Amino acid sequence: MSEQSFYFDHGAGAPRLDEVAEAMVPWQHGVVGNPSGMHSASRAARRAIEDARDIVANFVGQPSHEVIFTGGGTESCHLAISGVVREHRQHHEVSDIIISPTEHHAVLNTALALADEFDDVRVRFLDVDDLGIVTTSSLWDNVGPNTAIVSVMTVNNETGVYQPIPVVGSVTAGGVPDGGISHTDAVAAAPWLYLPALTESIDMISIAAHKIGGPVNSGALVLRREIKLSPVSVGGGQERGHRGGTVDVAAAVGLAAACRVVDRERMEVNERVSALRARLEAALRYIPGVAITATEETRVPGCTHLTVEGLASEELLFLLDNAGIAASAGASCSSGASVVSHVLQAMKMPDDKARGALRFTMGRETTKEDVDQLIAVFADVVYRLRGEK
C-alpha cells in the first residue's frame, strides 16, 4: 500500500475547502439558534441562512426567495420530481415523468418509485445517442398534455458529457400546453459551468455542496418561477412550506461558501484543469486497449472516462488504490460494483467493453505532479495485469 495519496475522484466528492470549513466553524459548536425563533441567537442564525440563500441564488442566477435548502443533491432531485408529480396528479388523469436513461439514480429511482406507487404515473425515457446525449426529436415526441415534468441532467456524473439543456427547457415550455415544468440535476456541472446562463430556460435546478468543496448532506433546489410542489416532508412550514424541518445553519453556510469560491475561481480552474486533462489523455492514448469515452469538446474539463480492453474495473481499481491512486468505476454509488453501468448500457456500449470502465475526475487541487504520477501508475497497472513489461 502506497503511503502517498493521489486523489482522482472529485466526481464522488471534492476535498472540503478551507474557506468552507472556516465559514462553518461558528455554527458547529455552542449555541446555534433555531432560525424560526425570536431571540437574538435565532435572529443571527436566520441572518446567516438568508445571507447564504443570497449567495446560492447568485450562483444559479435566481431570486433568493426561490432557493430551498435540502440535505444534499439526492433530496433536491427527489423533492423536484416527487413534489411536482404529486401536485400534477391532483389535476390530471395521467402524469408522465420524462427523463433520460442516463440520469443519476436520484432522479431515475425517484421516477420509477412514483410509477410503482401510482397507477396513473408513467415514466417515459428519452432516446440518447452513443455519447448518452438526448435527441431533440425524442424530446418533441415525448412531451405533451400529460407531461408532469421533464428532467435531464446538465452534465453526466459518470462520463462528464454535456446535455443540450437550453433545448430541453425550450421544448418543455413549448411542447406542453400552458407550459411544462423542467428540472435539471446540475450537481456534476456546478464545479465547471456558469449555471445562470446555461440553465436559464430550466424551471428547477438541483445542486449539492460536497461536489464543489462544501459539506456533505447539504444542497439546494432552486426554482426559477413559482411552482406548486407537494412537500415530501411536512412540518413547521420552513422553506416557504416546501420542506419541513429546521434548516442546518452550518450546512447552508458551507454550501454558500463553496459557491463563492467556485464563482471566484471558475475561469482559472477550468483553464488549468483542461490543460491537465489534455496531458493525461495524450499519455493514456499510448497505452494499447485504452479508449477515451467521449471527445474533449463534449465534456467538462475535470472528467476523463475510459475503458480498458480485456480488463475489469475491479482489478484495475484495486491495484490503483494499492499504489495510492483514488479513482472510481463510474458513479460513487456503484464504484467497484461488478454490474455494468446503466449509463454505458444506455449508450449501447458492449458489456465486455463497459466492464473495463474507469473514471478519473480532477479538481482545483489537482497538480501536474498528480497527473504524472497517475500516468506512470496506470500504465504499470495495465501492463502488469496483462503480464507484460
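A few points about this structure:
- For the range 104-143, residues that are out of contact with any His (no Cβ under 7 Å at 6 or more places or on another chain), closer than 19 Å to S206 by Cβ and not hydrophobic (A, V, I, L, M, F, W, C) total 4.
- Cβ-Cβ distances below 7 Å connect the following pairs, each with a first residue in the range 62-91 that is in contact (Cβ under 8 Å) with a residue 12 or more places away in the chain, a second residue that is hydroxyl-bearing (S, T, Y) and part of a loop (DSSP other than H, G, I, E, B), and a separation of six or more residues or different chains: G72/S218; G83/S230; R86/S230; E87/S230.
- Criterion (among the charged types (D, E, K, R) and closer than 21 Å to T199 by Cα) met by exactly one of E103, E117: E103
- Residue in the range 292-305 that is free of Cβ contacts under 8 Å to residues at least 40 places away in the same chain and in contact with a Leu (Cβ under 8 Å, 6 or more places away or on another chain) present: yes
- Residue that is touching a Cys at 6+ places or on another chain (Cβ under 7 Å) and either part of a helix (DSSP H, G or I) or of a type in the set (D, E) (or both), where the choices are V85, V56, V25: V56
- Selection status of F118, more than 27 Å from V161 (Cα to Cα) and touching a residue at least 24 places away in the same chain (Cβ under 8 Å): yes
- Some residue of the range 183-194 being modelled with pLDDT of 95 or more and surrounded by fewer than 19 Cβ atoms within 10 Å (Cβ to Cβ): yes
- Residue check for V253: in contact (Cβ under 8 Å) with a residue 60 or more places away in the chain, aliphatic (A, V, I, L, M) and either over 18 Å from W192 (Cα atoms) or not in a helix (DSSP H, G or I) (or both): yes
- Restricting attention to the range 25-53 and to residues that are touching a residue at least 60 places away in the same chain (Cβ under 8 Å) and among the hydrophobic types (A, V, I, L, M, F, W, C), the residue that is surrounded by the fewest Cβ atoms within 10 Å (Cβ to Cβ) turns out to be V32.
- Close pairs (8 angstrom Cβ cut-off, 6 or more residues apart or separate chains): buried (at least 18 other Cβ atoms within 10 Å of the Cβ) in the range 134-148, in a helix (DSSP H, G or I) and aliphatic (A, V, I, L, M) anywhere: V134/V168; L139/V167; L139/V168; L139/V171; V143/V171; A148/V84; A148/V85
- Test: residue in the range 197-208 that is surrounded by fewer than 24 Cβ atoms within 10 Å (Cβ to Cβ), polar (S, T, N, Q) and either part of a helix (DSSP H, G or I) or touching a helix residue (DSSP H, G or I) at 6+ places or on another chain (Cβ under 9 Å) (or both): yes
- Residues in the range 278-290 that are within 26 Å of the chain's Cα centre (by Cα) and free of Cβ contacts under 8 Å to residues at least 60 places away in the same chain: A278, E281.
- Count of residues meeting criterion [part of a helix (DSSP H, G or I) and either in contact (Cβ under 8 Å) with a residue 12 or more places away in the chain or not assigned by TED's automatic domain parsing to the domain that holds H65 (or both)] in the range 223-243: 2
- In the range 79-110, the residue that is surrounded by the most Cβ atoms within 10 Å (Cβ to Cβ) out of those that are among the hydrophobic types (A, V, I, L, M, F, W, C) and over 19 Å from S233 (Cβ atoms) is I98.
- Looking only at residues in the range 59-70 that are assigned to a loop (DSSP other than H, G, I, E, B) and surrounded by fewer than 20 Cβ atoms within 10 Å (Cβ to Cβ), the one that is modelled with the highest pLDDT is G61.
The values are calculated or read from the model by the stated rules, or taken from the named source; none is laboratory data. This structure is a prediction, so every number in the text was calculated from the model and none was measured. Reconstructed Cβ throughout: ideal geometry from the backbone, glycine too, with neighbour counts over all protein chains shown.
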